[in-house]
1. Look at the stretch 88-103 and say how many of its residues are surrounded by 12 or more Cβ atoms within 10 Å (Cβ to Cβ) and charged (D, E, K, R).
2. Within the set of pairs 6 or more residues apart or between chains, which connect a residue that is at positive phi and among the acidic types (Asp, Glu) inside the stretch 14-40 to a residue that is exposed (fewer than 10 other Cβ atoms within 10 Å of the Cβ) and modelled with pLDDT of 95 or more with Cβ atoms less than 6 Å apart?
3. Taking the condition among the β-branched types (Val, Ile, Thr), on the phi < 0 side of the Ramachandran plot, modelled with pLDDT under 90 and assigned to a helix (DSSP H, G or I), does Ile6 pass?
4. Step by step: first the residues of the stretch 32-62, then only those that are modelled with pLDDT under 85 and in contact with a helix residue (DSSP H, G or I) (Cβ under 7 Å, 6 or more places away or on another chain), then the one that is surrounded by the fewest Cβ atoms within 10 Å (Cβ to Cβ). Which residue is that?
Amino acid sequence: MVNMIIIINFCILCFFIFSLISYTIFLISSIPEIIAHYRLSNYSNIYSFINHKRLPPVTVIIPIYNVEKTVNDAIWSVLKAKYPNLYVIAIMDGDSEDNTVEKLFTAFPLKKLE
C-alpha cells in the first residue's frame, strides 16, 4: 500500500515537472514573437492607444442627491479624463433639498430626461 502511494506521488511529481518544463519552453520560444509584435504595433506609446477612436465607449453614472457643493467638481473631474468616447450621466435619485440641479443646468449644457 505504501509503495502504491509512493508510485502515485512520483507520477504526479513527474507530471508537474513535465508541465513546468513545457510551459517554460513555450514561454522562452514566444519571446521573439512578442518582441516582433510589439515593434510592429501602433500602440507602443500608451497615449496613442488611449486617444484611439476605436476604443469602446465608457459611461460614468454620477448620483446627484444633495451634493450642491461638490457636484461641479465631480463632473469636471470625469470630463477631464483623456478618453475619447466618454459619456457622463448625472442621475437625480430623489427630490434634492438644495440647488444641485439648478447649479448643474447653469454650469453644463444638459438634457433633462424623465
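The values are calculated or read from the model by the stated rules, or taken from the named source; none is laboratory data. All values derive from a computational prediction rather than experimental measurement. Every residue, glycine as well, gets a Cβ built from its backbone with ideal geometry; the counts of neighbours run over all protein chains shown.
1. Selection size over the stretch 88-103: 2.
2. Going by the 6 Å Cβ cut-off, there are no qualifying pairs.
3. no
4. My answer is Asn42.
Yes/no per residue for (1) touching a residue at least 24 places away in the same chain (Cβ under 8 Å); (2) surrounded by 12 or more Cβ atoms within 10 Å (Cβ to Cβ); (3) in contact with a Lys or Arg (Cβ under 9 Å, 6 or more places away or on another chain):
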{"position": "Glu68", "(1), (2), (3)": "yes, yes, yes"}
{"position": "Lys82", "(1), (2), (3)": "yes, no, no"}
{"position": "Leu86", "(1), (2), (3)": "yes, yes, no"}
{"position": "Thr106", "(1), (2), (3)": "no, no, no"}
